[in-house]
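Structure first, then comments.
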Amino acid sequence: MKIINCPLNGPRNSSEFVHGGELREMPDPNNCTDREWAEYVFYSDNQIGVITEWWLHAPSGYWFIAERHTGSDEILRTYDPSEIFTKRVEFSAKAESSQSEEITA
């Protein structure tokens with residue numbers, strides 16, 4: 001049985017977790033191209049080594065960050081996102097309304 005240390009709930013069975021993808025710098029959603037946004041959402045480097053990833057503890061709904069070696073699948077460290085994120089990303093209402101207008105047009 002594989003155990004993952006959740007920063008909020010402590011050591012738990014890996015079946016309680018959902019992988020959320022690699023942590024990467026997000027392009028500005030209001031000024032990036034569709035291609036840049038698609039690359040951010042759908043593609044990863046997929047290299048062997050230590051990567052930083054999002055993980056979800058599904059029973060509690062808690063998202064956290066883990067550093068994992070992709071070759072051995074060993075989780076080296078887990079921590080709360082507040083350690084690296086200090087502010088929320090706000091999406092402008094103007095960008096959202098213009099996108100919905102393009103879809104309906």
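Quick note: the coordinates plus some simple rules give every number you see, no bench work behind them. All figures in this text were calculated on a predicted structure; none of them were measured in a lab. With ideal geometry, Cβ positions are generated from the backbone for all residues, glycine too; neighbour counts draw on all protein chains shown.
Which longest run of the chain has no exposed loop site in it, a site being GluC sites (Glu not before Pro) in a DSSP loop with at most 15 other beta carbons within 10 Å, and the site itself not part of the run?
Values: sites that count: Glu25, Glu74, Glu90.
Of all site-free stretches, the longest is 26-73.
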Which chymotrypsin sites (Phe, Trp or Tyr not before Pro) from the stretch 1-86 combine a DSSP loop assignment with at most 16 other Cβ atoms within 10 Å? Tyr43, Phe85
How far apart, in nanometres, would the label points at Val89 and Ala38 be if each is projected 7 angstrom from Cα along the Cα-to-Cβ direction? 1.8 nm
Rounded to a whole number, what is D in µm²/s for the chain from Stokes-Einstein with the Kirkwood radius over alpha-carbon pairs (25 °C, 0.890 mPa s)? 154 µm²/s
Leading residue at positive end of dipole, the chain (Cβ point charges), from Leu8, Trp37, Thr52: Leu8
Nearest 10, in degrees from 0 to 90: the angle of helix 93-104 to the longest Cα principal axis of the chain is 70 degrees
Which value in deg cm²/dmol, rounded to the nearest 500, describes the helix-derived mean residue ellipticity at 222 nm for the chain, given -39,500 (n - 2.57) per DSSP H run of n ≥ 4 and division by the residue count? -6000 deg cm²/dmol
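Multiply the residue separation of Leu76 and Met26 by 0.36 nm, subtract the distance between their alpha-carbon atoms, and state the gained length in nm to one decimal.
Gain in length upon complete extension: 15.6 nm.
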